[in-house]
Amino acid sequence: MIASLAAEGQRTKPAPFGHALVELAKDRPEIVGMTADLGKYTDLHVFAKAYPDRFYQMGMAEQLLMLAAAGMAHEGFLPFVTTYAVFASRRTYDFISQGIAEEGLNVKICCALPGLTTGYGPSHQATEDIAIFRGMPDLTIVDPCDALDIEQATRAIAAHDGPVYMRLLRGNVPLVLDEYDYRFELGKAKLVRDGTDALVVSSGFMTMRALETAELLEADRVSLAVLHVPTVKPLDEATILHEARRDGRLVIVAENHTVIGGLGEAVAATLLRAGVAPKFRQVALPDAFLDAGALPTLHDRYGISANAMAASIKGWL
């Protein structure tokens, strides 16, 4: 069974990535789906059912998967490649770098289980995938928040010419951003909620957590702004700096990733280079191999649940 990040009673959409790809493929015959034995667990099975003649099951051979996708792209196809984020980042890095990114090939690598989205322990928890991929030249990195973000991001990366790494939420994915008049734009950060006491700069499902935290903090008369950064690379530095320059606000970066090498350090470097020096904190996973267990327990333990975030922010303020 695929664990969901949705709270009890929260609105969800099933397999948003798979359904978005099916819709795209109706008008784009060059789109193909490729996976390494994980179609069901990355929602690519939806595409495989709709277009069996455009689906390639490569078996448990992730390095082969990436170079096969490179070959397909060389021949004019648009491969959407799926696996787990740990396998893409740790096992196939050199193959992506040499075979896809250096060649500027139009391959979209969409990976499930980013960060702490599984309780299976360090073998499956890709807590450092963004740190690994941020150093790769010419690779766009996308970290969507919810089902709406995934649907729109899938269309956007298909329209973008070049290699993309996208973190993927799977199964029944929460639906949050439709309440905030949100629209995904590749390379753009969006202020989804304004506030006067603190600014949370967040990516992935941590934007959902930040919005939940903002609701919790209202009871303590704390006003929290939330800036969603779905494109981690290239980073929308202009928008981040514009929001961080507003006087008197604590700036917090929240990410489903280790404190090392991810969005937090990217934002901190951006602020430092521009001479912008607000009070700065991070909500992120520790520089450690994490425990196995139930996701709600682990999110509380490592400080990325809404309740844990609220407690941290109140303490910092």
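The values are calculated or read from the model by the stated rules, or taken from the named source; none is laboratory data. This is a predicted model, so every value here is computed, not measured. Ideal geometry is used to build each Cβ from the backbone, glycine not excepted, and the neighbour counts take in all protein chains shown. Accessible surface areas use protein heavy atoms only, side chains included; no ligands, DNA or RNA. Shrake-Rupley method; radii C 1.70, N 1.55, O 1.52, S 1.80 Å.
Structure data summary
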{"read-out": "Dipole of the chain [Lys/Arg +1, Asp/Glu -1 at C-beta], most positive-end residue of 119, 157, 38", "value": "119"}
{"read-out": "DSSP bridge pairs, the chain: antiparallel proportion in percent, nearest 5", "value": "20 percent"}
{"read-out": "Nearest-20 debye value, the range 272-317 charge dipole, Cβ charges on Lys, Arg, Asp, Glu", "value": "300 debye"}
{"read-out": "Net charge dipole size for the chain [Lys, Arg +1 and Asp, Glu -1 on Cβ; Debye, nearest 20]", "value": "260 debye"}
{"read-out": "Mean Cβ count within 10 Å, highest first, over the residues of peptides 145-158, 50-63", "value": "145-158, 50-63"}
{"read-out": "For the range 129-191 versus the range 1-67, the gap between their alpha-carbon centres in whole angstrom", "value": "15 Å"}
{"read-out": "Share, in percent, of DSSP beta bridges within the range 173-317 that are antiparallel, nearest 5", "value": "15 percent"}
{"read-out": "Segments 201-211, 304-314, 23-33 sorted - mean Cβ within 10 Å per residue, highest first", "value": "201-211, 304-314, 23-33"}
{"read-out": "From phi via Karplus (6.51, -1.76, 1.60), per-residue ³J(HN,Hα) for the range 129-144 in Hz, x at Gly/Pro", "value": "5, 5, 4, 5, 7, 4, x, 7, x, 6, 9, 7, 10, 10, 10, x"}
{"read-out": "For the chain: accessible area per residue (Å², 1.4 Å)", "value": "40 Å²"}
{"read-out": "Charge dipole of the range 1-104 about the Cα centre (unit charges at C-beta), most positive-ward option of 79, 16, 52", "value": "16"}
{"read-out": "Under-5 Å amide H pairs with residue 13, H placed in peptide plane, nonlocal only", "value": "173, 175"}
{"read-out": "Estimated vicinal HN-Hα couplings, Hz - the range 87-103 in sequence order (Karplus 6.51, -1.76, 1.60; Gly, Pro = x)", "value": "6, 5, 7, 8, 9, 10, 3, 5, 6, 5, 5, 7, x, 10, 5, 4, 7"}
{"read-out": "Under Karplus coefficients 6.51, -1.76 and 1.60, residue-wise ³J(HN,Hα) of the range 269-279 in Hz, glycine/proline x", "value": "5, 4, 5, 5, 4, 8, x, 9, 10, x, 5"}
{"read-out": "Dipole magnitude of the range 109-212, debye to nearest 20 (Cβ charges: Lys/Arg +1, Asp/Glu -1, about Cα centre)", "value": "200 debye"}
{"read-out": "Amide proton proximity set for residue 232, modelled H, under 5 Å, gap of 5+", "value": "141, 142, 143"}
{"read-out": "The chain: Lys pairs at Cα distance under 20 angstrom, eight or more positions apart or on different chains", "value": "12"}
{"read-out": "Amide H contacts of residue 78 (H built 1.01 Å from N, under 5 Å, at least 5 apart or other chain)", "value": "31, 32"}
{"read-out": "Linear extension gain, residue 272 paired with residue 239, 0.36 nm per residue minus alpha-carbon span", "value": "10.4 nm"}
{"read-out": "All-pairs alpha carbon distance profile, the range 244-317, 10 Å steps from 0, percent", "value": "18, 45, 28, 8, 0"}
{"read-out": "Top positive-direction residue, dipole computed over the range 186-317 with Cβ charges, set 199, 277, 304", "value": "277"}
